[in-house]
Amino acid sequence: TFNEIIAHSSSMKTVISTAKKAAKAKLSVLLSGETGTGKELIAGSIHHALSPSTQYFYTLHCHSSDPLLIERLLEDLNGSESYTLFCERIELLTIPLQKKLLALLSKSDNGNRQFIASIGDDPVELIAAGNLLKELYYFFSSFSIRIPPLRKRSEDIMPFISAYLDRRSERYNSAIQGVTPDVEKLFKQYEWPGNIRELEILLDEVTSLSSTETVITYNMLPL
């Protein structure tokens, strides 16, 4: 839900505010941002904030050139009157499959249904490069939300770590409660090419290998 997303930076607060407006308006949404920025979390939060709510949440992983992908989606959705469909990384579909998806969505755009898609780059550049069908972009872009990379919102790093360590302590009785000042400085200077996902994977690794440590030190970090 929106309450579970770390948004201390002004840019992420704007993302959450716009996403809430999209959920209220119940219009199609296009989420753009680098890998690991949390586009699927925003999609799920929009789904849970809908009123009236939709019954099911489907994710279409578009990392495939399988010509039967859209037919199988149609079979999965057949008979469902109330659902949210999240099409992840639509630009990775071939253009013929994008056309098939658009045709399916255009026929299904009625009833209690919410459509959300994500892309990993600027839509204008994707369309110009021939990787994104312009008409499919228009279908989803009633609300267009760009999620900033973690390197441009370093204010969210430490609050995310604190929330992660609290969950880790509750679930696994982890003793780690924070990081040393030099680790905090390093984290804020690092570029985080994998964004929030990379930070979470790093914390998973460090906390899993810890024993009696109460803070994350520089020596505990992987090479």
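Here are a few things to note about the model shown:
- Radius of gyration, Dmax [the range 78-184; alpha carbons; angstrom]: 20.0, 56
- Modelled label reach - SER106, point 7 Å along Cα→Cβ, the range 69-100 residues with backbone N closer than 18 Å: 70-71, 74, 94-100
- Near SER32, the amide H atoms lying under 5 Å from its own belong to ILE119, ILE145, ARG146, ILE147; only residues 5 or more places off or on other chains count, and H is placed 1.01 Å from N.
- Partner lysines whose Cα lies under 18 Å from the Cα of LYS99, excluding those fewer than 8 positions away in the same chain, are identified as LYS107, LYS134.
- Here the scattering of the range 1-91 is modelled by Debye summation over its C-alpha atoms, one equal scatterer each and no solvent; at q = 0.17, 0.24 Å⁻¹ the log10 of I(q)/I(0) is -0.79, -1.31.
- Probe 1.4 Å, all protein chains present, accessible-area order of TYR58, TYR190, largest first: TYR190, TYR58
- Area of MET158 that stays accessible when all protein chains are in place (1.4 Å probe, Å², to 10): 40
- Dipole axis of the chain (+1 Lys, Arg; -1 Asp, Glu on Cβ), positive-most option in SER141, GLY36, TYR56: SER141
- Charge context of LEU132, other residues only, Cβ under 13 angstrom, K/R +1, D/E -1: -2
- For SER82, the amide hydrogen comes within under 5 Å of the amide hydrogens of GLN55, counting only partners 5 or more places away or on other chains and with H modelled in the peptide plane.
- Calculated on the Cα set of the chain, radius of gyration then Dmax: 19.5, 58 Å.
- Full extension of the chain segment joining ALA128 with TYR58 gains 22.3 nm, where the gain is 0.36 nm per residue of separation less the Cα-Cα distance.
- Per-peptide average of other Cβ atoms within 10 Å, ordering 41-53, 85-97 highest first: 85-97, 41-53
- Sites SER17 and ARG171, calculated FRET efficiency, Cβ-Cβ separation with R0 30 Å, nearest 0.05: 0.50
- Heavy atoms of LYS13: accessible area, 1.4 Å probe, square angstrom to 10: 110
- For the pair the range 143-220 / the range 53-121, the C-alpha centres are spaced 33 Å from each other.
The values are calculated or read from the model by the stated rules, or taken from the named source; none is laboratory data. Small disclaimer: the values here were computed from a predicted structure and weren't measured. Counting neighbours? That spans all protein chains shown, and the Cβs are built from the backbone with ideal geometry, glycine included. These accessible areas exclude ligands, DNA and RNA; they are computed on the full protein's heavy atoms, side chains included. Shrake-Rupley method; radii C 1.70, N 1.55, O 1.52, S 1.80 Å.
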